[in-house]
Structure formats: C-alpha cells, structure tokens
Amino acid sequence: MNEQLQILGQVLGGFLFCLLILWKFVFKQIHKLILKIFFGPFLITFSVVTFIFLVQYLLKYVDELSGKDISLAKFGELFFYFSFNMMPQSLPLAIMFSALMTYGNLGQHNELTAIKSAGISLLRILTPTFMFVVLLSVGLFYFSDLLLPKLNLKAYSLMYDIKKTKPALDIKQGIYYNEIPKYSIYVEKKYEDGETLGDIQIYDHSDERGKTNLVLADSGRMTLSEDKRFLVFELYDGTRYSDYLEGDFKADNNYIRSDFSKSKMVFDLSSFSMNETPEQLFARDRRMRLVSQLNKDIDSLVKAKEEAVHVFEESTNKFFRYGLMDDSTVVAASTLPSLDISKKDKARVLVHAMNRSSNIRHQVEGKQRTIDRLQRTKNDFMVFKLKKYAGAFSCILMFLLGAPVGAIVKKGGLGYPVLMTVIFFIIYYVLTVYGERVVRSGGLTPHEGIWGPFVLMAPIALFFLVQARNDADLFDLGVYKTFLKKLFR
C-alpha cells in the first residue's frame, strides 16, 4: 500500500506543480476567474459520477457479496480500490459536464458577451480550462499506467477472496445444512432465541475410512465461541450410531449404538473465514500490467503466433501437394491397367482414407484455433494498452464538446446541460463499446476500434467550436421556426 501511495503522491505532486506554474506565471486575472468558476462544478460532478459508476459496477456482484460475514473495513477497502478503477470513465464525463455548465452559466448571465466586448476572443476564454484539462489528461495517463494496475491487483484479488468466502453461518429449521465440510446438520425446530434447538440430526462423514456417524438428540443448544472460530453444540438425551468396521472394511448391517444424556460437539469454522489469495496469481492479467509490460506481452504473443503459423504451414504441406503435377504427367484413366480388388479390400481402403482425412481435418482445425486464440489474446492486450491513451485523449475531446455547446446554449444549471451531456457521452460510449466488440470479433484492427470514436466525434467538436466562435444560434428553436416559415411562404 505504501508503494501505491508513493506513486499517487508523485502523480499528484507533478500535476499540482505544473498547475501552480501556470497559475503563477501564465494565467491572467480573467483566466483565474474562469478557472475558479470551473473548479466547483468539476469537483462535485466528478465525485457524483464516480460514485454512480462505482455503484453501477458493484451491483453486478451484489449476489456474490451479500450474505458474507465480512467486516465493514473490508468492504470499505473494496470500495476504495474500485473507486480509483472508475476514474478513467468518470473523469471525461465530469469534464464535459462541468465545462458545459461553466460556459453555459457565463453565457446565461451575459458574462461571455462582456468578455468578448473587451476584445477577448472565445478561444482565449477557453484557453485556461483547456490547459487545465490537458494537465488532467496527462495526469490520468500516468495514473492509469503507473498506479491503476497496482490498485486493480489489490481490488480484484480482494474481490476474489470475498467471492470465495462462504456465506455466514445460518442453520434453518427443516433444512439440511451442508456448508460445514464433512458434516450435514438437520434441525426440526429452532426457537426464537436462535440458540435452542429441537430434534437434531448430525451426520458425520469426517472419518477417512468411509465410516459414517449419526447423532440424534432430542434437544440442544447452539453457540459460537468468543473468537467465532468454533461452533459448539450442547446435545441432550440423544443416541450416537457408528458404522462397525472389520479391519479396513465396513461390515454389512453392523453398527455401534451409544446413548447419552448430555454431549458436546465442536465444529471448526475456519472454512468460513476469508483467506487471502497471493496477488501473484493475478499479476499476469492485462488489467494489472503497465504499458511497458503490455508491450512485452504483445511482442511475445506476436512471436508465438508467427511460430504457430510456421508450424501450421509445415504440418499442412505434409498432407497437401500443390504444383507437383502438370498436364503432361496426367494419364488417361482408360489407359491404366485394371486392378482386381475385392469389395472387402475396397471398403477397407475407403474407411482408411476417410479416417485419415478426418484426422488431418481435426489437426488443421486445432492449429487454426490456436492461431485464432493467439490473435484474439493479442488484440485484447492491444486494446487495453490503447485504452490508456484513449482515456487521456477522451478528456480533451469531451471538453471540446462541452465548452462550445455551453457557450452556444447559454444555459447553466442542471436542466438542459445535463441532457446535452448525457446525449454526447452516450454516443461516445456506444461507439467505444461497439469498437471494442468488433475488434474482439476480428472485424477491425485495435487501432481502428479504439481511435474510431475519436475520428467520428472530433469533426463534431470542431463544428461546435466554429459555431460558438461565430455566436451561432445553433440550438435556438426560434431560428429554425422562422426559417421554416420563410421556406413555406
């Protein structure tokens, strides 16, 4: 954990140092005023959007996380790690939302008009927040590359441990309870205090030689030890039945019976505690790799695929011959001597040929599946590597979409800007998810699938920027109504 905090401190320190230099020596008073207006909506929206993405992500595991006897500290640790995992998704949306709100509020209160009347162009008005967003993009890339893989390693290993943890001990009446290893417990009656039991049956399969013990009790009391590591049953007025063994073999229809007025059974609950899985088991996952490590993994996969293709070509050349015969070597079937082969031998030859061709086909298909699997794995690693860069550039793209639209709409608050933000983000998100799926299916290269949404959305952002610079009434419905009236006249 100390290493993660050290990396986070370095990234934040570099970001704050660059921002301080810009604030002290580059930004003018008007720039600082716009940035102060931008900071408030940005921090609020970033926190809210991160929380929404976190809840939406963890809802997929609600069935696997519920019912586990896990401390609140462990759940808090899990939420802490996964909150950082949501940052590459929530940061671009928060930037677009806050930029649209900031410049929408400036336009609504005619502050943009006043600044432009002082001879300051829209591009100069956008400069301070744009430079701040560029710093955020660089910081997000280094965060995704240096820190996020280590946090993902902690998050997914902890999630795996929680998912493997057994549900909390809950013995219900009328239902066989089999969660304790090698024991099966049946309780006919469970009273309101949760401890007093009636008509108890306990099947003991812990004997390694296959002997089964059955304990029947008229009543009993169930308690947990102080450290909650052991379950204690105090049984009253019961009988214990044990299989009778002759040597190492169970004797048929023979058992030992013993009655008791009071007995105690202790069950080890160590299997209910959460065990920590070594993090090295998850270290090879692409989500836990740095860009430099991903590059090495991709090179290894490329070499493995080339070797598989070479083996495939060599193996298939043994079975197929191309270009070894020309027309001059072809002999007419009528000139061949007739072969006197019996029907039995002919059938045997045909079966042998069919079996051989079937084996060849299975070998070729198996090698082709190996090549396809290596290609899909290489595409997955390539996609995850490019997403680190795409996440940083998406911050800039979302700003170039949000800020001009806010300047055109000239409306702040939580109404119209929220609708515009959601529409643009849904379009970008759908294009991104669709591109990744097409890449995994082999329809596009990783570069086409990841950078395709930017190629499609960048002209829209530039169009809005030009319209905002020209003070166009792009979203004013009255302009379109007037145009339609003139058109129909």
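The values are calculated or read from the model by the stated rules, or taken from the named source; none is laboratory data. All values reported here derive from a predicted model rather than from experimental measurement. Ideal geometry is used to build each Cβ from the backbone, glycine not excepted, and the neighbour counts take in all protein chains shown. With ligands, DNA and RNA removed, areas are computed over all heavy atoms of the protein, side chains included. Shrake-Rupley method; radii C 1.70, N 1.55, O 1.52, S 1.80 Å.
A few points about this structure:
- For residue 121, the criteria (1) of a type in the set (Ser, Thr, Tyr); (2) more than 20 Å from residue 419 (Cα to Cα); (3) modelled with pLDDT of 85 or more hold in every case but one, which is (3).
- Counting residues in the stretch 105-113 that are surrounded by fewer than 17 Cβ atoms within 10 Å (Cβ to Cβ) and within 23 Å of residue 23 (Cβ to Cβ) gives one or more.
- Filter result (more than 16 Å from residue 217 (Cβ to Cβ) and surrounded by fewer than 12 Cβ atoms within 10 Å (Cβ to Cβ)) within the stretch 179-193: 192, 193
- Cβ-Cβ under 8 Å pairs, at least 6 apart or on other chains, the stretch 454-471 side closer than 18 Å to residue 92 by Cα and without any contact (Cβ under 8 Å) to a residue 60 or more places away in the chain, far side in a helix (DSSP H, G or I) and among the aliphatic types (A, V, I, L, M): 456/431; 460/401
- Strands (runs of 3 or more DSSP E) fully within the stretch 145-258 that include at least 1 residues being within 39 Å of the chain's Cα centre (by Cα) and either modelled with pLDDT of 85 or more or charged (D, E, K, R) (or both): 183-190.
- When residues of the stretch 223-239 are limited to those that are farther than 12 Å from residue 263 by Cα and among the hydrophobic types (A, V, I, L, M, F, W, C), the one most open to solvent (accessible area, probe 1.4 Å): 224
- Sole residue being in a helix (DSSP H, G or I), of a type in the set (Ser, Thr, Tyr) and open to solvent by 30 Å² or more (accessible area, probe 1.4 Å), chosen from 357, 394: 357
- When restricted to residues that are modelled with pLDDT under 85 and either under 25 Å from residue 100 (Cβ atoms) or assigned to a helix (DSSP H, G or I) (or both), the stretch 426-464 contains 2.
- Verdict on residue 274 being part of a loop (DSSP other than H, G, I, E, B), under 30 Å from residue 221 (Cα atoms), out of contact with any Phe, Trp or Tyr (no Cβ under 7 Å at 6 or more places or on another chain) and modelled with pLDDT under 60: yes
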